[in-house]
Every structure is written in C-alpha cells, then in structure tokens.
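Reading through the structure tokens given below for one structure.
The values are calculated or read from the model by the stated rules, or taken from the named source; none is laboratory data. Just so you know, these numbers come straight off a predicted model, no measurement behind them. Heads up, the Cβs are rebuilt from the backbone with ideal geometry, glycines too, and the neighbour counts pull from every protein chain shown. The area values use the complete protein model at the heavy-atom level, side chains included, leaving out ligands, DNA and RNA. Shrake-Rupley method; radii C 1.70, N 1.55, O 1.52, S 1.80 Å.
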Amino acid sequence: MDVSTAPFSDALERARRIHAEEIVMDSLAPTFTCEMMLTPAMVDLARSLQRQGESRSVIRTALAEHLIESAASDATTREAYLAYWRRAGVTAASCTLYDAGPPERAWDDALTELARGHRLLQALQDSFLLGDSAAAVERAHRERRHAVIFNLQNAEPIGERFDRLEILYNLGLRIVQPAYNLRNRFADGCVERCDGGLSRLGEALVERLNRRRVLIDLSHCSDRTTMDVIAASRAPVAFTHTSARALSQHARGKTDEALRAIAERGGYVGVLIVPFFLLPPGSDGRSRKPDLPAGWATLDTVMDHVVHIMDLVGSDCVGIGTDWGKPYYTALRWSAGMVREETSSFDWVGWRSQDRFDPNLQTWELESWDLWPNLTAALLQRGIPETTVVKIVGGNFLRIFREVCG
C-alpha cells in the first residue's frame, strides 16, 4: 500500500468532508465527562490538585464535576464543549464507566460515573443523546448531534449479581469487558502473573451478555481469556482498542492468532493511538520526525498497525478506538508516583515497569481528541481507498454494534 505524495492538507480536507457526511465512531474514546475538553478554570483546578499530591482518579472526579456543573449553567462552557466535539467530527463515542479499583467499591464507583454521564447528557441534551442502539447512532448523525455509548472495561461492578447487568443495561450500558489488566472472578487480564483464562463464572457472564445483547470487549484481557471468550461467545466480540503485538511486542497488543480468530467470527478490531502500546521497547517516532520528543509516536505508527491488521484480516472488521488524546494529561506533568492508583497499598490498575505507561508521552498530531480528523487523513494518505476509509472510521464498528446490540 503506497503512501500518497499529495500534501497532507489535501488529505485533511477530504477527511473533514468524510466526517461531515458519514457516521464516524470511536470504539473507545476518552471518558466524555472528565478526559476531553478543558476550560482554563479546569486546567487551574487540575494543576492545583496535582500540586497537593492528589491521584489521577481524584483529579478526574473534580474535572468531571466542574464540567457538568459548568455545562448546565454556563452557555460559554457548553459551546466550547460542543466545538471540541465538532472539531473531532465524531458521531458516536464509547466512553468508560469503570475500569479498575478496589472490588468492594466497584458497583458504587460505576453507578457514580453513570450518574455523572447522565447529568452531562442532560446538560447537553440539545446536542447529545444516549447511544443505546445503532438506530440512536444513525439518528444522531441524521440530526447532526452526537451519541455516547457506555461501557465497562471491567465486569467487577456486576460481580456475581447478574441482576446488576439488567440495571446497567436499562441505564444505557452496551459494552462489557470481562477483566481489565489484573485477575478478577471472571477472567485474567493481560498483565496478570499467570494466565488461567476464563473462569466458570466468566463463562456464565459471557452467556448472560450474549442473551442481553451486550457487546463483549477483550482489549485488556489475557491471551487465554481472549481465545476462551471467542470460542464461548455465540455473538461476535471485539477488541475495541488494541494494537498488533507483532509490531509493538507489548502485552496490551493482540497476537496475530487472536486477531485472525476474532475476525473469523465476525468480530471487530479498533486500533488505539497510545504511543507505548504501539511502539516496541526502545523505539519512538523520531526516525520519521527527527524533532519529535523521545518516546512519542506518529500518525504513521498508528497506520502501521492499521495496515498490519488489515493485511491479516481484511478491511471489514478494522476501526479506530483512540483511548488517548486526553488534555488533562498534556496540561500536567506526571511522575511515576503520580500515575499509580494505590488504595490500601495496592495498585489495582496494575501497570508494570515493562509496560511503559507514561501520560507524558503522546502521538504527534493526536495530542488531543479533537484532532481525530488527522487519523482519517492519515488513512487516506496511506493510499487506502475512500470507501474503505469510511468503513474504518465508523462503518465497521456500526456493523458489529447493530448486529450484537440491535
């Protein structure tokens, strides 16, 4: 696949037209209550909290509450937030209610974030709606609005109480990941010490999610969990935000075997833009852009993963799940101690030193989520046909969302 010699500005103009005319979906976006737009007051708040030594979770909570209250009461904040989404040109984005934390708090934490999500949707109701079906996404596109899809990146809030799934479903939940990075009662995550795969309770969860028509996400799951769920699920499943391990050599990436297996069952693979999940150890994007900061990736880095996966499985199941471009990361400077989320002396997020998690590292020209059209332009610049680009930036995820969730 040849890289176009036309100016990037030409590709960006075509990309913006695609975003205006077609449905664009981010299968795992930054959380829309706290990880997207920052006002100057929110930047000041975040910096103040960081100077006080507060954790990421405390900072995110404060930013969410500030945004929700401002969006409900201040027209300037509302317009700034809508302008941010308009620049992104995204019709629908999947946003996370819960990923990690002490298991005994998981249910309450998920409900709290769900309540915040609904409060922000209410404050923005003229321009946003709940993306609880493919029809809702299509309606948002038709009415030039935006849709938010709720997901759990960890099934711990459900626990053994499957009736909780019904509650969350009725409030808009449509995507669930059995496990995050570590082991829970359902399955193992991708950085757990051992890989036992899916538990018997996890098998029961898969059956219940299939029955309820909830899309199963395996992005953070271990290799064995991934293959176990693909085999157990009656419905297609997804990697909403991942990379190709053949290129990154990272535990968060998926093997070629897993990528083929998910595609063979009609599944979906969203490629993320997180630099340390895209780049192999010791590498960065400076071979392509010499003045890039150390450790940063480029648009070409992302495209390498898209093309690799397309070469493996074809163009009908590949999409984009950014998982990065969070302004509160770039507005602050992070040390290793600041990014650990410790409660009772245990870090429930679980990143190890070899996982290279560092919010100071970004992907050039994707430092904030509103730069999304640059991704579409990069696809075009790689020589991918426009009809295929339309599928990658939204059509493929809409297909599986419709098939599984209705």
Problem set entry | Qualifying helices (runs of 4 or more DSSP H) (wholly inside segment 336-405; at least 1 residues being among the basic types (Lys, Arg) and touching a helix residue (DSSP H, G or I) at 6+ places or on another chain (Cβ under 8 Å)) | 396-405
Exercise. Which members of segment 252-289 meet the condition of being hydrophobic (A, V, I, L, M, F, W, C), under 17 Å from the mean Cα position of the chain (by Cα) and in a helix (DSSP H, G or I)?
Worked result: 276, 277, 278
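Could you tell me whether residue 270 is open to solvent by less than 10 Å² (accessible area, probe 1.4 Å) and modelled with pLDDT under 95?
Working: open to solvent by less than 10 Å² (accessible area, probe 1.4 Å): yes; modelled with pLDDT under 95: no.
It is false that residue 270 is open to solvent by less than 10 Å² (accessible area, probe 1.4 Å) and modelled with pLDDT under 95.
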Problem set entry | Looking only at segment 345-397, and only at residues there that are farther than 19 Å from residue 59 by Cα and of a type in the set (Ser, Thr, Tyr), the one that is surrounded by the fewest Cβ atoms within 10 Å (Cβ to Cβ) | 345
Exercise. Name the residues in segment 219-237 that are out of contact with any helix residue (DSSP H, G or I) (no Cβ under 6 Å at 6 or more places or on another chain) and touching a residue at least 60 places away in the same chain (Cβ under 8 Å), would you?
Worked result: 219, 220
For this session: Can you tell me which residue among 290, 280 is surrounded by fewer than 16 Cβ atoms within 10 Å (Cβ to Cβ), in contact (Cβ under 8 Å) with a residue 12 or more places away in the chain, farther than 30 Å from residue 210 by Cα and not acidic (Asp, Glu)?
Result: 280
Problem set entry | Any pair with Cβ under 6 angstrom, 6 or more apart, that starts in segment 1-24 at a residue that is modelled with pLDDT of 95 or more and ends at one that is among the β-branched types (Val, Ile, Thr) and open to solvent by less than 90 Å² (accessible area, probe 1.4 Å) | 15/376; 18/376; 22/390; 23/91; 24/90; 24/91; 24/393
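Do the conditions hold for residue 318, that is, is it surrounded by 23 or more Cβ atoms within 10 Å (Cβ to Cβ), in contact (Cβ under 8 Å) with a residue 24 or more places away in the chain and under 22 Å from residue 391 (Cα atoms)? Explain how you work it out, then say what you get.
On the way: surrounded by 23 or more Cβ atoms within 10 Å (Cβ to Cβ): yes; in contact (Cβ under 8 Å) with a residue 24 or more places away in the chain: yes; under 22 Å from residue 391 (Cα atoms): yes.
Yes; evaluated as a whole, the condition is true for this residue.
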For this session: Mind listing whichever residues of segment 36-64 are closer than 22 Å to residue 94 by Cβ and among the charged types (D, E, K, R)?
Result: 56, 60
Exercise. Can you find a residue in segment 321-329 that is crowded, with 18+ Cβ neighbours inside 10 Å and of a type in the set (S, T, N, Q)?
Worked result: yes
Exercise. Of the numbered conditions (1) within 28 Å of residue 189 (Cα to Cα); (2) touching a residue at least 60 places away in the same chain (Cβ under 8 Å); (3) crowded, with 20+ Cβ neighbours inside 10 Å, residue 338 satisfies every one except a single condition; which is it?
Worked result: (3)
Problem set entry | Single condition residue 136 does not satisfy, out of (1) within 20 Å of the chain's Cα centre (by Cα); (2) open to solvent by 20 Å² or more (accessible area, probe 1.4 Å) | (2)
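Per-residue answers, yes or no, for (1) of a type in the set (A, V, I, L, M); (2) in a helix (DSSP H, G or I); (3) crowded, with 23+ Cβ neighbours inside 10 Å:
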site: 13; (1), (2), (3): no, yes, no
site: 19; (1), (2), (3): no, yes, no
site: 28; (1), (2), (3): yes, no, yes
site: 60; (1), (2), (3): no, yes, no
site: 69; (1), (2), (3): no, yes, no
site: 72; (1), (2), (3): yes, yes, no
site: 90; (1), (2), (3): yes, no, yes
Problem set entry | Complete set of residues in segment 233-259 that are open to solvent by 20 Å² or more (accessible area, probe 1.4 Å), of a type outside the set (A, V, I, L, M) and farther than 27 Å from residue 406 by Cβ | 245, 249, 255, 256, 257
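Residue-wise test of (1) touching an Asp or Glu at 6+ places or on another chain (Cβ under 9 Å); (2) open to solvent by 40 Å² or more (accessible area, probe 1.4 Å); (3) among the acidic types (Asp, Glu); (4) outside any loop (DSSP other than H, G, I, E, B).
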residue	(1), (2), (3), (4)
81	no, no, no, yes
86	yes, yes, no, yes
106	yes, no, no, yes
115	no, yes, no, yes
129	yes, no, no, yes
150	yes, no, no, yes
159	no, no, no, no
166	no, yes, yes, yes
179	yes, no, no, no
